[in-house]
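In what follows, a single structure is set out as structure tokens and then discussed.
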Amino acid sequence: MLSHVTPVGYLCLVAALASAAIVIWYLVKKPALGLTTKLTLLFGVGVLPAAVAIASTTVGMQATTERRFCGSCHVMQGHTWNAEHAASDSLAARHARNPFFGERNCYVCHADYGMLGYPMTKLNGMKHVWHYYFGGFKDKSLDHAIDEIDLYKPYDNVNCRQCHSGSLTHFKSISDHQSLEKELGKNEVSCTSGGCHGFAHPFSKFGKKAPKKSTVKPAGSASAAPAASSAAPPASGGAP
Amino acid sequence: MSLRSKLAGWPQALLLRSACYAVLAALAVMSYSIVVPKPLPVIAAMSVGHVLCVVGFACFGLAVLVEMATRPGARSSLPPTSKPAPKSEPASKG
């Protein structure tokens, strides 16, 4: 159960226990407020809790980058399930298998890498939380949510380029990369568009953009069924 | 009325107990966010948890001031005049 707790997390828990021990000692013994008591309490209600506050913040911020965290809201579980599934070959899933960032693949692709990237990412995340609890998503089925949720802004190719710089010979030798160099730079063409590397989460595109020939009407009933490819998420509510 | 005599009237024991309970609650909220790193616990730790930490420490600080004000023969440890005191009264409610 505690397998996800990092060393800093454990240190933090130990500090919290020590602090609690001091506080409880004080509450039980009620010693006079002499110098020793004051100094002990200074640790118990000042220094140690401050350390816990700082450490738990770093641990918490780190935790928000894990795929497990994204999947703690059921409306994201289509995406997380797809990325984890061994048979899945979506672009998102292929980026989940690298041991160095695989567990954080959602974050590395979806964080904002602009100048104010970090706070903007967190603000955006708070928006999701708000919409989840107060915007009705909490009560939506996974199927509905997948149909409804879309990016707020078009995907920024810069996010791919933080890892795939596009400056190496092999990259440049691809004729499409060459001919679209300008458009890719200006985000006029997305790396993940249909004809290029494909959608990162193709399963979520049925009924939306994926069938480019627009043979499938996005209208209600029919849209859910074709999504059942091998890498589609489990049926509604089916938390893995 | 001097700051010292004002402070002396404050309920020191209550302040200390409040400090303890506030800090215990803060520790619980923050530790929970480490054990269960889900959105609401993490947000709670960084908001409620931090506020409780500050409130607890403020109560402790006040209690120490009260102790200094009431200690016999510690007159010089606090400014004797009623210089505008930091308006931190609400914390006395704990």
Exercise for the section: Keeping the other protein chains in place, figure out the carbon and sulfur percent of the accessible area of the stretch A:7-63, with a 1.4 Å probe. Expected result: 82 percent
Completion exercise
Sorted by accessible surface (1.4 Å probe, heavy atoms of the protein chains only), largest first, A:M76, B:M30 come out as A:M76, B:M30
Completion exercise
Buried accessible area between A and B, both sides, 1.4 Å probe, in Å² rounded to 100, is 2800 Å²
Fill in the blank from the handout: Residue by residue through the stretch A:36-51, the couplings from Karplus 6.51 cos²θ - 1.76 cosθ + 1.60 with θ = phi - 60°, in Hz, x for Gly and Pro, are 4, 4, 4, 5, 4, 5, 4, 5, x, 10, x, 5, 5, x, 5, 4
Exercise for the section: Compute the FRET efficiency between A:Q178 and B:V54 as 1/(1 + (r/R0)^6), taking r as their Cβ-Cβ distance and R0 = 51 Å, and round to the nearest 0.05. Expected result: 0.30
Exercise for the section: Once you have the Cα-Cα distance between A:A86 and A:A18, take 0.36 nm times their residue separation minus that, and quote the gain in nm to one decimal. Expected result: 20.2 nm
Exercise for the section: Sort B:W10, A:W130, A:W25 from largest to smallest accessible area, using a 1.4 Å probe on the heavy atoms of the protein chains. Expected result: A:W130, A:W25, B:W10
Practice task
Considering the convex hull of the alpha carbon atoms of the stretch B:12-70, report its projected area averaged over all viewing directions, in nm², one decimal.
Solution key: 3.5 nm²
Exercise for the section: Grab the alpha carbons of the stretch A:7-63, take their convex hull, and tell me the volume per residue in Å³. Expected result: 59 Å³
Practice task
For every other residue with a beta carbon closer than 14 angstrom to the beta carbon of A:F137, add +1 if it is Lys or Arg and -1 if Asp or Glu, then tell me the sum.
Solution key: -2
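The values are calculated or read from the model by the stated rules, or taken from the named source; none is laboratory data. This one's a predicted model, so the numbers in the text were calculated from it and none came from an experiment. Because the Cβ atoms are built from the backbone with ideal geometry, glycine has one as well, and the counts that use them run over all protein chains shown. Ligands, DNA and RNA are stripped out before the accessible areas are found, and what is left, the full protein with its side chains, is counted by its heavy atoms. Shrake-Rupley method; radii C 1.70, N 1.55, O 1.52, S 1.80 Å.
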